[in-house]
């Protein structure tokens with residue numbers, strides 16, 4: 001056993017034990033945790049298989065950027081495929097299944113693809129299935145379609161209900177971490193109508209896993225005090241389990257609220273998900289920053305995860321990712337994880353630091369190896385060690401989990417969805433949001449201010465500035481006192497040289513460093529071209545983890561700055577949104593409005609066969625007794641109109657009313673023929689003129 005439940009700690013409800021299943025195996029967890037943390041507590045490290053090579057994959061993150069832990073939850077028509085275990089709230093009776101494997105997760109026949117990896121490099125499908133041409137439709141395409149995809153779409157009728165709503169506010173705050181809480185409090189205290197939205201089921205963000213004290217109390221208690229005050233303010237709307245996925249024109253935001261995704265039997269009177277369109281005068285983006293992975297040999301083995309995720313699992317959920325953990329880092333964040341794990345009684349086998357002279361303090365008795373890199377990992381379906389290289393000397397270190405920390409990347413997707421490009425910061429070694437005007441303001445670690453005190457201060461100051469711009473009075477409130485701060489700096493490391501195994505950039509799509517090099521050699525060096533040629537960043541996580549390293553590697557390979565490479569285009573949706581939520585109540589017979597003309601009833605009584613014409617039901621023809629085909633009916637009607645008279649219902653056509661003393665003259669200039677005077681109530685068909693012709 002490697003991963004395990006800590007004897008104490010975390011903010012889960014240990015008095016409320018929940019039973020659930022994963023691939024048919026009965027397990028137990030606690031209320032207030034995610035499926036991912038419960039799987040780790042049950043030592044379930046293997047959770048999925050990669051897309052192309054079907055390599056074993058484990059949990060990497062503790063949030064929405066997870067590339068590996070994608071599961072199907074539910075049964076039958078109520079199944080939700082491709083659900084991230086790292087954000088799925090655990091509930092009693094939850095039934096989860098792994099994906100993209102056959103016949104089982106442990107023994108997957110698709111893993112044979114790994115033996116064929118020399119022939120399955122980036123872009124292989126553009127070159128391989130060219131001959132013979134007749135094989136494409138009969139052999140190649142069916143095989144590719146069968147192998148493609150991660151989850152399996154449910155084809156049965158969805159038993160759940162959905163709805164769509166509008167909301168209006170002065171300020172929407174996206175993210176309820178330290179920055180978002182302070183911003184919402186500052187704005188709410190002076191009277192702004194504030195919507196505070198966060199995708200987590202428990203609000204507080206990084207404060208839920210923070211060990212630094214705020215106002216001389218635990219950070220989680222500070223978060224609860226902020227939320228209690230916000231709930232007491234009538235002008236504040238708090239929206240947990242709500243992901244703001246898009247920023248649109250006129251400061252309209254799209255958001256998805258998971259109303260009943262955390263219950264085994266949803267109530268029929270409530271929707272399972274609710275799609276919100278939120279109109280805000282101003283917006284404050286407090287989405288935080290993601291810890292970046294490191295690219296080194298064997299970095300995809302189950303048991304390798306983000307160091308910050310290890311810290312979250314230990315401090316928030318009371319789960320240790322391993323009994324003996326090694327940390328590979330290029331900055332101070334790795335040392336924070338090592339200190340917190342040591343405080344929980346977890347052995348830290350070593351801290352491997354790529355920097356030459358790190359000044360961070362390691363926990364007592366923990367070995368630090370500077371100027372070193374990890375070049376390989378040991379084990380098959382779980383980590384059992386790693387290989388460290390320093391100045392040509394290689395050393396194997398036994399461990400059952402590896403935490404990697406590659407620096408910080410602000411979550412700025414929303415700020416770039418309307419065409420603005422992210423801006424490279426050489427000081428922070430990352431991309432920051434561009435200047436996008438006053439409609440949306442980026443604050444806290446999303447703006448590159450990584451310290452806890454800096455996040456609290458930035459949230460309060462920017463919210464106060466927004467309130468002043470909207471004409472609300474300024475009320476000075478003292479900022480909370482923050483305990484010992486940690487240096488958030490790091491040194492960029494795009495690739496740990498000397499890899500003896502595949503070094504993956506994109507875990508879900510099996511894109512490694514060599515694939516990017518191949519793309520560059522074959523003329524696909526532009527970041528957008530490299531994405532499509534290698535599929536890096538094209539998975540369900542849309543490059544949340546891989547994008548920064550993809551850009552950094554493409555830049556390093558060409559000897560240029562990441563600023564010259566740039567990022568791929570950010571588009572909605574930030575995370576996947578179900579079609580059911582987009583449709584809302586417009587389903588089945590309500591999928592499209594039924595529009596009937598004034599003559600519909602008469603036509604129906606006379607045997608009309610109707611056809612969809614735009615948004616209207618209009619008669620296509622009137623069948624008579626003895627007529628076997630539509631052509632017979634249509635021919636009869638044509639002859640009747642030519643010999644007698646026909647009636648055409650044009651009431652469904654668009655109408656424009658023109659009135660005023662010069663209405664007739666206006667029509668004379670618009671149409672080819674002059675309009676007759678004095679014929680009120682008459683109808684006339686005519687040809688209108690455009691700029692150059694009829």
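Brief remarks follow.
- When residue 261 is tested against (1) over 30 Å from residue 165 (Cβ atoms); (2) part of a loop (DSSP other than H, G, I, E, B), only condition (1) is not met.
- Matching residues in segment 582-608 - criterion: being within 15 Å of residue 649 (Cβ to Cβ) and outside any helix (DSSP H, G or I): 595, 596, 597, 598, 599, 606, 608
- Residue within segment 418-429 that is touching a helix residue (DSSP H, G or I) at 6+ places or on another chain (Cβ under 8 Å) and either assigned by TED's automatic domain parsing to the domain that holds residue 332 or closer than 26 Å to residue 211 by Cα (or both) present: no
- Lone qualifier among 302, 266 - being within 15 Å of residue 61 (Cα to Cα) and part of a loop (DSSP other than H, G, I, E, B): 302
- Odd one out for residue 437 among (1) surrounded by fewer than 20 Cβ atoms within 10 Å (Cβ to Cβ); (2) in a loop (DSSP other than H, G, I, E, B); (3) on the phi < 0 side of the Ramachandran plot: (3)
- Residue within segment 649-661 that is over 55 Å from the mean Cα position of the chain (by Cα) and closer than 23 Å to residue 598 by Cα present: no
Yes/no per residue for (1) touching a strand residue (DSSP E or B) at 6+ places or on another chain (Cβ under 8 Å); (2) in the same structural domain as residue 61 (by TED's automatic domain parsing); (3) under 21 Å from residue 7 (Cβ atoms); (4) part of a loop (DSSP other than H, G, I, E, B):
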{"site": "336", "(1), (2), (3), (4)": "no, no, no, no"}
{"site": "341", "(1), (2), (3), (4)": "yes, no, yes, no"}
{"site": "352", "(1), (2), (3), (4)": "yes, no, no, no"}
{"site": "356", "(1), (2), (3), (4)": "no, no, no, yes"}
{"site": "375", "(1), (2), (3), (4)": "yes, no, no, no"}
{"site": "386", "(1), (2), (3), (4)": "yes, no, no, no"}
{"site": "397", "(1), (2), (3), (4)": "yes, no, no, no"}
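- Any chance residue 183 is assigned to a helix (DSSP H, G or I) and without any contact (Cβ under 8 Å) to a residue 60 or more places away in the chain: no
Residue by residue, here is whether (1) crowded, with 20+ Cβ neighbours inside 10 Å; (2) farther than 26 Å from residue 353 by Cα holds:
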{"position": "433", "(1), (2)": "yes, yes"}
{"position": "445", "(1), (2)": "yes, no"}
{"position": "448", "(1), (2)": "yes, no"}
{"position": "460", "(1), (2)": "yes, yes"}
{"position": "465", "(1), (2)": "no, yes"}
{"position": "472", "(1), (2)": "no, yes"}
{"position": "478", "(1), (2)": "no, yes"}
{"position": "494", "(1), (2)": "yes, no"}
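- Number of the exception - residue 254 against (1) outside any loop (DSSP other than H, G, I, E, B); (2) under 30 Å from residue 343 (Cβ atoms): (2)
- Residue that is farthest from residue 146 (Cα to Cα) [pool: residues in segment 22-53 that are under 25 Å from the mean Cα position of the chain (by Cα) and assigned to a strand (DSSP E or B)]: 31
- Residues in segment 252-269 that are within 20 Å of the chain's Cα centre (by Cα), surrounded by fewer than 17 Cβ atoms within 10 Å (Cβ to Cβ) and touching a residue at least 60 places away in the same chain (Cβ under 8 Å): 262 alone.
- Members of segment 634-649 found to be closer than 18 Å to residue 602 by Cα and surrounded by 10 or more Cβ atoms within 10 Å (Cβ to Cβ), listed by number: 637, 649
- Residue 96 farther than 30 Å from residue 313 by Cα and buried (at least 16 other Cβ atoms within 10 Å of the Cβ): no
- Residues of segment 164-187 that are surrounded by fewer than 22 Cβ atoms within 10 Å (Cβ to Cβ) and either at pLDDT below 95 or touching a helix residue (DSSP H, G or I) at 6+ places or on another chain (Cβ under 9 Å) (or both): 164, 170.
- Qualifying residue in segment 128-147 (condition: assigned to a helix (DSSP H, G or I), in contact with a strand residue (DSSP E or B) (Cβ under 7 Å, 6 or more places away or on another chain), surrounded by fewer than 19 Cβ atoms within 10 Å (Cβ to Cβ) and modelled with pLDDT under 90): no
The values are calculated or read from the model by the stated rules, or taken from the named source; none is laboratory data. As the structure is a prediction and not an experimental result, all values here were calculated from the model. Ideal geometry is used to build each Cβ from the backbone, glycine not excepted, and the neighbour counts take in all protein chains shown.
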